[in-house]
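The values are calculated or read from the model by the stated rules, or taken from the named source; none is laboratory data. What you see is a predicted model, and the numbers here were worked out from it, not measured in a lab. Here the Cβ positions follow ideal geometry from the backbone for every residue, glycine too, while neighbour counts run over all protein chains shown.
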Amino acid sequence: MVTPSIGGQLFNTLKGTVQPFGQSVEEITRPHVDGVAFYLQGKRAARFQLESSVDIAVADADEPVEVADLQQAYADLKGQVVQLVDEVGNTWPAVMVWDVEIIDTVRPALSVGGQTGGEEGYTFIVIARWALQLAALPEES
């Protein structure tokens, strides 16, 4: 089983689709001239969003400082080119992290498995939305 990750941060789930490279084209037109021309700008990948979820163990449910630590670890990845491993095991070696936002923090009634494996203390599930873009063409084999 593959453990999805972004920049070394491991997740239980990583939902969404990586947008691959494709030819970028600019349309060229002039006033009072019929027709249209195209300028090939090279291969580019569009920005895309992924949604991650991970469970973390916290010592105190009333003051889950570990959630703030995770939020800072995510924020530290902004502006970095990192490796991404998706849920099916594809590895993308150069991905720009444009933005990341924690969109929900849930405290389940019972935690079994996941990244924490039911450690002592309390468990929170942290859900985040990532804005990403492939930064380099994958190497051809």
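Checked against the criterion of being aromatic (Phe, Trp, Tyr), farther than 15 Å from Gln9 by Cβ and modelled with pLDDT of 90 or more, the range 68-88 contains not a single residue that satisfies it. Scanning the range 39-67 for residues that are in contact with a Lys or Arg (Cβ under 7 Å, 6 or more places away or on another chain) and at pLDDT 85 or above turns up Gln49, Leu50, Glu51.
Can you name the residue in the range 1-22 that is of a type in the set (Val, Ile, Thr) and surrounded by fewer than 17 Cβ atoms within 10 Å (Cβ to Cβ) and, of all such residues, is farthest from Trp130 (Cα to Cα)? Of everything passing the filter in the range 1-22, Val2 is farthest from Trp130 (Cα to Cα).
Do we find a residue being of a type in the set (Phe, Trp, Tyr), touching a Gly at 6+ places or on another chain (Cβ under 8 Å) and either touching a residue at least 24 places away in the same chain (Cβ under 8 Å) or surrounded by 15 or more Cβ atoms within 10 Å (Cβ to Cβ) (or both) anywhere in the range 46-53? It would help to see each step written out before you state the result.
Filtering the range 46-53 for residues of a type in the set (Phe, Trp, Tyr) gives 48.
Narrowing further to those that are touching a Gly at 6+ places or on another chain (Cβ under 8 Å): 48.
With the extra rule that they be either touching a residue at least 24 places away in the same chain (Cβ under 8 Å) or surrounded by 15 or more Cβ atoms within 10 Å (Cβ to Cβ) (or both), the set shrinks to 48.
Yes, there is a match, as at least one residue in the range 46-53 is of a type in the set (Phe, Trp, Tyr), touching a Gly at 6+ places or on another chain (Cβ under 8 Å) and either touching a residue at least 24 places away in the same chain (Cβ under 8 Å) or surrounded by 15 or more Cβ atoms within 10 Å (Cβ to Cβ) (or both).
Kindly indicate whether any position in the range 63-86 is among the basic types (Lys, Arg), assigned to a loop (DSSP other than H, G, I, E, B) and either surrounded by 15 or more Cβ atoms within 10 Å (Cβ to Cβ) or out of contact with any helix residue (DSSP H, G or I) (no Cβ under 8 Å at 6 or more places or on another chain) (or both). Yes: the range 63-86 contains one or more residues that are among the basic types (Lys, Arg), assigned to a loop (DSSP other than H, G, I, E, B) and either surrounded by 15 or more Cβ atoms within 10 Å (Cβ to Cβ) or out of contact with any helix residue (DSSP H, G or I) (no Cβ under 8 Å at 6 or more places or on another chain) (or both).
You will find that of Val100, Val58, the residue that is surrounded by 11 or more Cβ atoms within 10 Å (Cβ to Cβ), free of Cβ contacts under 8 Å to residues at least 60 places away in the same chain, touching a helix residue (DSSP H, G or I) at 6+ places or on another chain (Cβ under 8 Å) and not charged (D, E, K, R) is Val100 and no other.
Would you confirm, using the coordinates I've provided, whether Phe124 is of a type in the set (Phe, Trp, Tyr), surrounded by 14 or more Cβ atoms within 10 Å (Cβ to Cβ), under 22 Å from Pro4 (Cβ atoms) and modelled with pLDDT under 90? I'd like the intermediate steps shown before the answer.
Values: of a type in the set (Phe, Trp, Tyr): yes; surrounded by 14 or more Cβ atoms within 10 Å (Cβ to Cβ): yes; under 22 Å from Pro4 (Cβ atoms): yes; modelled with pLDDT under 90: yes.
So Phe124 fits the description; yes.
Just to verify a result, which residue in the range 103-114, among those that are outside any strand (DSSP E or B) and surrounded by fewer than 16 Cβ atoms within 10 Å (Cβ to Cβ), is modelled with the highest pLDDT? Filtering the range 103-114 for residues that are outside any strand (DSSP E or B) and surrounded by fewer than 16 Cβ atoms within 10 Å (Cβ to Cβ), the one modelled with the highest pLDDT comes out as Arg107.
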